[in-house]
1. Which lysines have a Cα lying under 22 Å from the Cα of A:Lys181, excluding residues fewer than 8 positions away in the same chain?
2. To test your reading of the geometry: what angle, between 0 and 90 degrees and rounded to tens, separates the Cα axis of helix A:29-40 from the longest principal axis of chain A?
3. Scan chain A and report its longest stretch carrying no trypsin sites (Lys or Arg not before Pro) that are both in a DSSP loop and have at most 13 other Cβ atoms within 10 Å.
4. Just going by the charge dipole of the protein assembly as shown, with Lys and Arg at +1 and Asp and Glu at -1 on Cβ, which of B:His40, A:Ser5, A:Thr65 is farthest out on the positive end?
5. Over its Cα atoms, what ratio of radius of gyration to 2.2 N^0.38 Å does chain A give?
6. Only counting other Cβ atoms within 10 Å, I'd like A:Val19, A:Val50, A:Val130 sorted with the fewest neighbours first.
7. Across segment A:49-63, in residue order, what do the Karplus-derived ³J(HN,Hα) couplings come to in whole Hz, using 6.51 cos²θ - 1.76 cosθ + 1.60 with θ = phi - 60° and x for Gly and Pro?
8. Going by how many other beta carbons lie within 10 Å of each one, how would you line up B:His20, B:His40, A:His174, fewest first?
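None of the figures in this text is laboratory data; all of them are computed from the coordinates on show. Note that the structure is a prediction, hence the values are computed from the model and not measured. Note that each Cβ is placed from the backbone with ideal geometry, even for glycine, and that neighbours are counted across all protein chains shown.
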Amino acid sequence: MTAESSDARDLAVRARDRVRFEEDALTYADDAYRVARRLTGSSEAAEDLVQDAYMRAFRSWEQYTPGTNLRAWLLRIVHNLAVDAGRKRQRTPQMEPVEESDYYLYQRMGGTSTPEEADTVVERLSQGGVVSALAALPQPYRDAVVLVDLADFSYQDAADILDVPIGTIMSRLHRGRRMLKTELAQTIEDTAEAAAS
Amino acid sequence: MQAYLDKLLSEGDALVIEQHLAVCSECACAYRFEVKLRQHVKACCGGAADQDHCRDELLAKLKSCCGGAADEQPSA
């Protein structure tokens with residue numbers, strides 16, 4: 001085989017691999033959008049994020065190792081771009097919220113005398129308050145809550161996306177949920193104080 | 001409770017929890033609150049799961065980046 005025909009063959013193989021990579025990556029577009037929507041909170045921002053992520057993925061396709069978890073590789077790009085965008089927007093360093101017990105919010109909201117009361121008690125948490133409380137969490141804990149509790153990824157999938165051990169995800173999720181409840185309790189107090197003044 | 005809600009417990013341990021929730025109203029109330037809280041947070045922040053699909057226009061844009069076209073476009 002001549003050098004020229006060898007180069008041509010290599011180019012053909014590379015082109016074939018690229019096409020296959022792109023086809024496989026596109027099958028995860030809905031997953032990418034699902035993550036992006038939870039991380040950005042907006043459909044429009046999510047579409048921009050997905051498009052940016054795919055552009056980056058297609059440009060750096062040769063950095064992906066065939067046979068490994070392409071879905072996690074791609075969603076990691078989505079996540080990293082969202083983090084970068086968040087850092088640009090954030091002006092002040094995030095303080096780590098206080099972390100109370102699992103029952104802290106339940107007790108602060110007065111508990112319930114019957115299980116059915118939980119529905120109305122929980123509804124007292126406004127959407128704005130919940131969104132703000134989640135946004136107040138430090139990035140690592142917020143990501144765990146977003147991926148597992150909001151986007152319904154498994155612990156393993158979330159660990160693959162964030163490239164951390166599964167034990168780290170479980171720990172961050174547990175602490176993130178506690179921090180979220182502490183933040184929610186604070187929003188209720190703030191609302192009550194504002195109403196009283 | 002978190003482990004039970006996350007379905008991390010063994011079958012035997014989960015059964016113990018279920019049996020306890022059936023007879024302890026205080027724990028049953030706290031459990032129901034936790035379930036509803038998770039649903040509420042998800043609804044407030046997550047949006048409907050049936051909206052988790054790329055629009056055709058977005059898919060078309062992604063496909064237009066295939067075949068080396070992404071290399072020619074400005075970086076994000």
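1. Filter leaves B:Lys7, B:Lys36, B:Lys42.
2. Tilt relative to chain A: about 40 degrees.
3. On the way: sites that count: A:Arg91, A:Arg124.
With a cap of 13 other Cβ atoms within 10 Å, the longest stretch comes to A:1-90.
4. Going by the Cα projections, it comes out as A:Ser5.
5. On the way: Rg = 21.9 Å, N = 197, 2.2 N^0.38 = 16.4 Å.
Relative to the 2.2 N^0.38 Å estimate, chain A comes out at 1.34.
6. Fewest-to-most Cβ neighbours within 10 Å comes out as A:Val19, A:Val130, A:Val50.
7. 5, 4, 5, 4, 5, 5, 4, 5, 5, 5, 6, 10, 4, 6, 7
8. B:His20, A:His174, B:His40
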